[in-house]
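Below is one structure, written out as structure tokens; comments come after it.
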Amino acid sequence: MTATQPLQGRTIMVTGAGYGIGREAALTYARAGATVLLLGRTQEALNDTYDLIEAEQLPQAAVLPFDLESSEETPYQQLAQLIKEHFGHLDGLLLNAGVLGQRTPIDNYHADTWLKVMQINVNGQFLLIKHLLPLLHKAPADASILFTSSSVGRTGRAYWGAYSVSKFATEGLMQVLAQELENTSNIRVNAINPGATRTTMRAAAYPVENPADVTAPSAIMPLYLHLMSPAAIGIHGQSLDAQGDNAFLID
Ligand SMILES: NC(=O)c1ccc[n+]([C@@H]2O[C@H](COP(=O)([O-])OP(=O)(O)OC[C@H]3O[C@@H](n4cnc5c(N)ncnc54)[C@H](OP(=O)(O)O)[C@@H]3O)[C@@H](O)[C@H]2O)c1
């Protein structure tokens, strides 16, 4: 491991790696020396991220098309088995995939959309963690699990419906898991609130906003890299902001 390659030799899964923050995080981790497992629903988008990594001659990534809308356990078991066979263990897991759902009052919210958002943003993450934890426990050194939160997951906001509630649940899942793993493993567990970031999801949530005025995904990567790196050993059970006045300060 070197200062510029803090993730050298590590195997890290990024969910939602085909677009937005997930794609940028995958590139960031590959540039830091990691073999990145690119998980997402749309294979073409994952292939594009793969090609970007290849173009920079970074460690070869792996494309894992996977739909977190699945509530059956079998696909998650099969995914874990596949990773075990090909990589043996995981050193990091960035849980970044998510959907926005509707922006509407609760009494207008479609029940099927509510269940879909909760499945992808919460239940799918639980199932991934449940089946990938044994591989994280096998990490030869430290390992890192990063959840993705939001400011509407800390204080509820009108019309954000299931998305807001799912992010509260994400913060809760992070805290429960962090406490369970405290003092018993080398796995640290934290959550990142990216803050307003220029992606497709942000544009859908704020359609009249000029994307040029919004922070680019590359600008929030210092925290994503730091928490995934051994330099963050000891940071555990925290929910940190990637930007803004309370942003976590990195040397
Ligand atoms: N951008 C912001 O301002 C902001 C602010 C706060 C928090 N966040 C959080 O940051 C994370 C990334 O958001 P983003 O802005 O980068 O959004 P994005 O560009 O819409 O990316 C979301 C990613 O999640 C994947 N995904 C969605 N449904 C999936 C499913 N069923 N199975 C597997 N993958 C699925 C998408 O892949 P497919 O399209 O292929 O399904 C996509 O790669 C999310 O958790 C979001 O809530 C973002």
Completion exercise
Among the residues of the range 103-134, the number that are farther than 19 Å from LEU37 by Cα, touching a residue at least 12 places away in the same chain (Cβ under 8 Å) and more than 14 Å from the ligand (Cβ to nearest atom) is 5
Problem - Those residues of the range 148-166 which are buried (at least 18 other Cβ atoms within 10 Å of the Cβ) and touching a residue at least 60 places away in the same chain (Cβ under 8 Å), in sequence order - result: THR148, SER149, GLY161, ALA162, TYR163, SER166
Problem - Whichever residue in the range 20-35 is closer than 24 Å to VAL122 by Cβ and of a type in the set (A, V, I, L, M) and, among such residues, is nearest to the ligand (Cβ to nearest atom) - result: ILE21
Exercise for the section: Would you confirm whether any residue within the range 238-251 is without any contact (Cβ under 8 Å) to a residue 40 or more places away in the chain, surrounded by fewer than 15 Cβ atoms within 10 Å (Cβ to Cβ), over 30 Å from HIS89 (Cα atoms) and hydrophobic (A, V, I, L, M, F, W, C)? Expected result: yes
Handout entry: ILE187 vs. criteria more than 12 Å from the ligand (Cβ to nearest atom) and surrounded by 21 or more Cβ atoms within 10 Å (Cβ to Cβ)
Key = yes
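With the structure loaded, tell me whether LEU136 is within 19 Å of PHE126 (Cβ to Cβ), buried (at least 18 other Cβ atoms within 10 Å of the Cβ), modelled with pLDDT of 95 or more and in contact with a strand residue (DSSP E or B) (Cβ under 7 Å, 6 or more places away or on another chain) or whether it fails that test.
yes
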Fill in the blank from the handout: Subset of the range 54-72, residues more than 15 Å from the chain's Cα centre (by Cα), surrounded by fewer than 22 Cβ atoms within 10 Å (Cβ to Cβ) and either more than 9 Å from the ligand (Cβ to nearest atom) or at positive phi (or both), comes to GLU54, ALA55, GLU56, GLN57, LEU58, PRO59, GLN60, ALA62, VAL63, SER71, GLU72
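Kindly indicate whether LEU177 is away from the ligand (no atom under 14 Å from the Cβ), touching a strand residue (DSSP E or B) at 6+ places or on another chain (Cβ under 7 Å) and within 24 Å of ILE120 (Cβ to Cβ).
yes
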Handout entry: Residue selected from the range 211-225 under the condition of a type outside the set (Ser, Thr, Tyr) and more than 14 Å from the chain's Cα centre (by Cα), by the criterion surrounded by the fewest Cβ atoms within 10 Å (Cβ to Cβ)
Key = ALA212
Problem - Elements of type helices (runs of 4 or more DSSP H) contained in the range 20-133, each with 1 or more residues being under 21 Å from ILE220 (Cα atoms) and in contact with a strand residue (DSSP E or B) (Cβ under 8 Å, 6 or more places away or on another chain) - result: 20-31, 43-55
Exercise for the section: Tell me, yes or no, whether the range 104-115 has at least one residue that is at pLDDT 95 or above and either basic (Lys, Arg) or closer than 20 Å to GLY20 by Cβ (or both). Expected result: no
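In the range 7-19, which residue that is more than 7 Å from the ligand (Cβ to nearest atom) and assigned to a loop (DSSP other than H, G, I, E, B) is surrounded by the most Cβ atoms within 10 Å (Cβ to Cβ)? Before the answer, list the steps.
Taking the range 7-19 and keeping what is more than 7 Å from the ligand (Cβ to nearest atom), we get 7-14.
Keeping just the survivors that are assigned to a loop (DSSP other than H, G, I, E, B) gives 7-10.
Details: LEU7: 25, GLN8: 13, GLY9: 13, ARG10: 28.
So the residue we want is ARG10.
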Exercise for the section: Only residues in the range 85-102 that are of a type in the set (S, T, N, Q) count as the first member; pair them with residues that are near the ligand (Cβ under 10 Å from one of its atoms) and in a strand (DSSP E or B), Cβ under 6 angstrom, at least 6 apart or cross-chain, and list the lot. Expected result: ASN96/THR15; ASN96/THR148
Exercise for the section: All but one of (1) under 26 Å from PRO6 (Cβ atoms); (2) more than 16 Å from the ligand (Cβ to nearest atom) hold for ALA158, so report the exception by its number. Expected result: (1)
Problem - Residue check, SER144 hydroxyl-bearing (Ser, Thr, Tyr), modelled with pLDDT of 95 or more, in contact with a Leu (Cβ under 9 Å, 6 or more places away or on another chain) and outside any helix (DSSP H, G or I) - result: yes
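The values are calculated or read from the model by the stated rules, or taken from the named source; none is laboratory data. Because the structure is a prediction, the values reported are computed rather than measured. Neighbour counts run over all protein chains shown; Cβ positions are idealised from the backbone, glycine included.
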